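The structure under discussion appears below in the form of structure tokens.
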Amino acid sequence: MSHRFKYQLSVIIVNYNVEYFLNQCLDAVKKASKNLSIEVIIVDNDSVDDSLSMLKENYPEYQLIANKENVGFSTANNQGIKKSSGEYVLLLNPDTVVAESTLEKVVDFMDKDKKAGGLGVRMIDGKGIFLPESKRGLPTPTVAFYKIFGLSKIFPKSKRYNQYHAGHVNEFETKEIDILSGAFMLMRKEALDKVGLLDEDFFMYGEDIDLSYRIQQGGYKNYYFADTKIIHYKGESTKKNSVNYVFVFYNAMIIFAKKHFKSKNAKLFTLLINLAIYLRASIDIVGRFIKKIILPSFDFLYITFGLYALTNYWEKSQIEFAESVMNYSIPLYALTWLGSTLFNGGYDLPVKLSKSFKGVFWGTILILLVYAILPKSLQFSRLFIFIGAGWTLGYYYISRIFLHFFMKGRFSLKFNSGRHFSIIGNQNEFERIKKLITQTNSNVGSIEKIDVNNIETISSSETDELIFSTKNHSYEFILNSIDRLKSNNLDFKIAPEKGEHLIGSNSIDTSGDLYVLNINTLVSKENVRKKRLFDVSFSTLILITSPIFIFIFKNKLKFLSNIFKVFTGQISFIGFSEKTAQKDVRLPNIKTAILSPSDGIAYATSEINEKLNLLYARDYSLRKDFAILLNAWRKLDT
């Protein structure tokens, strides 16, 4: 280490409302810095959770810059860099986990190559899947064109067509690249002094591309270092399906083009990117729509065909129905069973046959209720309705089992309702984590202790969640295990040594989810649909009867405005107590609401509000919404 530097390495972490991820990240950094001279600087962008309290309590030795506003990623990192005194500067995301050997390995590599100005590492997400943004090429107009129009996916290993993600570089091969990822961006301080810091015109995306390019322009090399790995929970690949991400990311590329390309090329690039934004957004929307309707459409055709075929049996038995009634009734029966199945979660993945049964059952009840009030001339046969329900249910069972066995990976059938947990830790840690799971998860099938020597025998068909204890096992072991066992059907969690929470991934699309309680019940697809139906039904009823009841409320305009906003989906009737929810990062994101679980209680402290919010998220049901609305309806004008 040069005498002009106080430390070998300065680690800079920008935090914004990710207290639990930050705590785990810093624990990993602390364990990885034992053989290095290191300083850690945390820049907090005005978090409203308990990040600052956690830092003061657990990491008082680290420097803290507490901003009074969210100044963005670039500005906050620059604040940290200016305060740093290390020979190397590492920009590290708080939603990352490093191994114990990671920091030593990367510093040693940089020490041996004085031309190395920047370095990135092999990154995996919370399910162990390799993140392609670990290694990237310069996004020239040609490179961007190949990426935007899908050639990079068609030729993933091509140096020409997939230069954006450096497809020609093997993920296990250390090699010189163009662009580093801002999630783990190690740089020589000498290089930064020469080329400058992050460009603050980039608020969130693109700043890593810009700085990586300037490091190369300054005569240094950038490397992809494959001899170590880190977890990056919220990698770009977990957000790429978001339309908003497409807009923000590609607009950052436009800023880069205007800055570094010739005026003519920049204009062409800007035009190309703007076309790409709307093309990608359109393709994304259309693609999602097609994916959602293709199976229900096939089901509708098959169920309808079967119902028409059943009428032949009636004709043979010399029972005839009016053709006009038959032509309307059969498609409506099929749509009712289909819609009820959809509403009850029969199309949510992984599929549960019990939800298909529930959908057909309630669909049949609805058909019979409507049937009972129809005039005799429009009534079909009740027996036909029951046989049709049996046919529909039989079709669902046979078709889902067929899809499960012949479309594995894309269509998974859930045969049981309880989740199966496997815990890797000593007996004390097993009991601690088991207690946490049983107290906070209402969907437990089994919990077993796994011996570390048997970890390779774990099967995703028998285990839903694999939990590692950091008290008993190193981050190195945990990362290596996740990397080896990676599977879309297996979730991994890490249990910190201190604290009553787990961190991990619950799906490939939400690989950065905090797992404190089983509080995702509220935001399951089925409950989101039910909650919206509740809002629409009661807001419609209230709007219709408002001429009678409006005089009960003091603030009549506020009352009408609230009900109209619920009807149009801007807000909801029932949600979290806002002041408490803002600070509780454990809670899922839902719409702002008029009422909360505490509104039916005379005296509710902040502690009671917190517990009620968690219980509402964990044990949500329509009955709860109805009970809260019934108890606190006089507050609909607040």
* Asked: Restricting attention to segment 599-620, which residues are in contact with a helix residue (DSSP H, G or I) (Cβ under 8 Å, 6 or more places away or on another chain) and either modelled with pLDDT of 85 or more or surrounded by fewer than 19 Cβ atoms within 10 Å (Cβ to Cβ) (or both)?
  -> GLY600, ILE601, ALA604, SER606, ILE608, LEU615, ARG618, ASP619
* Scan segment 468-521 residue by residue and report those that are at pLDDT 75 or above, aliphatic (A, V, I, L, M) and within 15 Å of the chain's Cα centre (by Cα). => ILE503
* Structure fact -> Scanning segment 24-54 for residues that are surrounded by 22 or more Cβ atoms within 10 Å (Cβ to Cβ) and assigned to a helix (DSSP H, G or I) gives GLN24, CYS25, LEU26, ALA28, VAL29, ALA32, SER51
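Being modelled with pLDDT under 90 and surrounded by 13 or more Cβ atoms within 10 Å (Cβ to Cβ) narrows it down to one of GLY345, GLY359, GLY388, so name that one.
Numbers: GLY359 fails: modelled with pLDDT under 90; GLY388 fails: modelled with pLDDT under 90.
From the options GLY345, GLY359, GLY388, the qualifying one is GLY345.
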* Asked: Within the set of pairs 6+ apart or on separate chains, which have a first residue in segment 168-188 that is under 22 Å from SER152 (Cα atoms), a second that is assigned to a loop (DSSP other than H, G, I, E, B) and β-branched (Val, Ile, Thr), and C-beta atoms under 6 Å apart?
  -> LYS175/VAL169
* Structure fact -> Within segment 286-314, residues being at pLDDT below 75 and within 16 Å of PHE149 (Cα to Cα) number 0
* If we keep just the residues of segment 391-427 that are of a type in the set (Ser, Thr, Tyr) and either modelled with pLDDT of 85 or more or part of a strand (DSSP E or B) (or both), which is nearest to the chain's Cα centre (by Cα)? -> SER422
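When you go through SER329, SER340, SER377 one by one, which is the residue that is part of a helix (DSSP H, G or I), within 30 Å of the chain's Cα centre (by Cα) and either in contact (Cβ under 8 Å) with a residue 24 or more places away in the chain or over 30 Å from ARG419 (Cα atoms) (or both)?
Working: SER329 fails: within 30 Å of the chain's Cα centre (by Cα); SER377 fails: within 30 Å of the chain's Cα centre (by Cα).
Criteria check complete, one pass: SER340.
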* For TYR396, state whether it is of a type in the set (Ser, Thr, Tyr), free of Cβ contacts under 8 Å to residues at least 24 places away in the same chain and assigned by TED's automatic domain parsing to the domain that holds PHE343. => no
* So which residues in segment 534-576 are hydroxyl-bearing (Ser, Thr, Tyr) and in a helix (DSSP H, G or I), if there are any at all? -> SER537, SER539, THR540, THR545, SER546, SER561
* Evaluate segment 141-156: report whether one residue or more is in a loop (DSSP other than H, G, I, E, B) and modelled with pLDDT of 90 or more. => no
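Against the condition more than 26 Å from ARG4 (Cα to Cα) and of a type in the set (A, V, I, L, M), how does LEU52 come out, does it pass?
Numbers: more than 26 Å from ARG4 (Cα to Cα): yes; of a type in the set (A, V, I, L, M): yes.
Against the criterion (more than 26 Å from ARG4 (Cα to Cα) and of a type in the set (A, V, I, L, M)), LEU52 qualifies.
Return yes or no: is ASN265 modelled with pLDDT under 65 and either surrounded by fewer than 17 Cβ atoms within 10 Å (Cβ to Cβ) or not assigned by TED's automatic domain parsing to the domain that holds GLY339 (or both)? First the steps, then the outcome.
Values: modelled with pLDDT under 65: yes; either surrounded by fewer than 17 Cβ atoms within 10 Å (Cβ to Cβ) or not assigned by TED's automatic domain parsing to the domain that holds GLY339 (or both): yes.
So ASN265 passes the test.
Here is a list: GLY359, GLY346, GLY363. Which entry is in contact (Cβ under 8 Å) with a residue 12 or more places away in the chain, within 20 Å of LEU307 (Cβ to Cβ), assigned by TED's automatic domain parsing to the domain that holds THR311 and outside any helix (DSSP H, G or I)?
Details: GLY359 fails: outside any helix (DSSP H, G or I); GLY363 fails: outside any helix (DSSP H, G or I).
Residue meeting the stated conditions: GLY346.
The values are calculated or read from the model by the stated rules, or taken from the named source; none is laboratory data. Here the structure is a predicted model, which is why all the values come from computation and not from measurement. Using ideal geometry, Cβ is built from the backbone for each residue, glycine included, and neighbour counts are taken over all protein chains shown.
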